[in-house]
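First comes the structure, then the notes that go with it.
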């Protein structure tokens, strides 16, 4: 299964059996079968770009990997890496940028592997000096449009990381206003603005066995 966020709303690619069994949503939910022509996706991309998080699209596919490949062909692909960083007090490192709380991440530079990208971006965006990588956590997918209207699919690979650094320095040139160690349970119980794909990464972390969290 692939869950791709378009304007903060999910487009889910799953098997046809999975589509039938997919749980109801509190939002408007649309289900359709993919018959193998990539232009099929444009109607649902346009719909989600216009409606945003009040809608959810679930698409049943004969071959989910092939359907994702067809969907991806409509976009410019950007590979990115990011980190969910935890300190000894079990606080999580979050950044505040352009009105939303986020996790540090960024696009891969030439010659890097994805883990090197994730570690570099965490250090650049937050000022952390000492970083230990634990494991791959998950991969998220979201789309956006450039200023010239080009559609981009950002594929972000997330790693669980640890650091004992106390001092943080937000990277102002990347429009980051704040970098903070935050109690995650309290944060998720509040009304803070956060993208849905980032919220899923945080919730996935909370579902890990306790010995993998700190």
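Go through the residues of the stretch 76-87 one by one and say whether even a single one is under 24 Å from residue 11 (Cβ atoms), over 16 Å from the mean Cα position of the chain (by Cα) and surrounded by fewer than 20 Cβ atoms within 10 Å (Cβ to Cβ). Checked the stretch 76-87: at least one residue is under 24 Å from residue 11 (Cβ atoms), over 16 Å from the mean Cα position of the chain (by Cα) and surrounded by fewer than 20 Cβ atoms within 10 Å (Cβ to Cβ).
I'd like the full set of residues that are outside any loop (DSSP other than H, G, I, E, B) and either surrounded by fewer than 11 Cβ atoms within 10 Å (Cβ to Cβ) or touching a helix residue (DSSP H, G or I) at 6+ places or on another chain (Cβ under 9 Å) (or both), limited to the stretch 163-178. Within the stretch 163-178, 172, 173, 174, 176 meet the criteria.
Scanning the stretch 134-159 for residues that are farther than 30 Å from residue 47 by Cβ and out of contact with any helix residue (DSSP H, G or I) (no Cβ under 7 Å at 6 or more places or on another chain) gives 134, 135, 136. Taking the stated definitions as given, is residue 90 out of contact with any strand residue (DSSP E or B) (no Cβ under 9 Å at 6 or more places or on another chain) and over 20 Å from residue 193 (Cα atoms)? Considered against the rule, which asks whether it is out of contact with any strand residue (DSSP E or B) (no Cβ under 9 Å at 6 or more places or on another chain) and over 20 Å from residue 193 (Cα atoms), residue 90 comes out as yes.
Readers should treat all values here as calculations from the given coordinates under stated rules, not as data from a laboratory. Keep in mind that what you see is a predicted model, and the values were worked out from it rather than measured. Don't worry about glycine lacking a Cβ; one is built from the backbone with ideal geometry, like all the others, and counts go over all protein chains shown.
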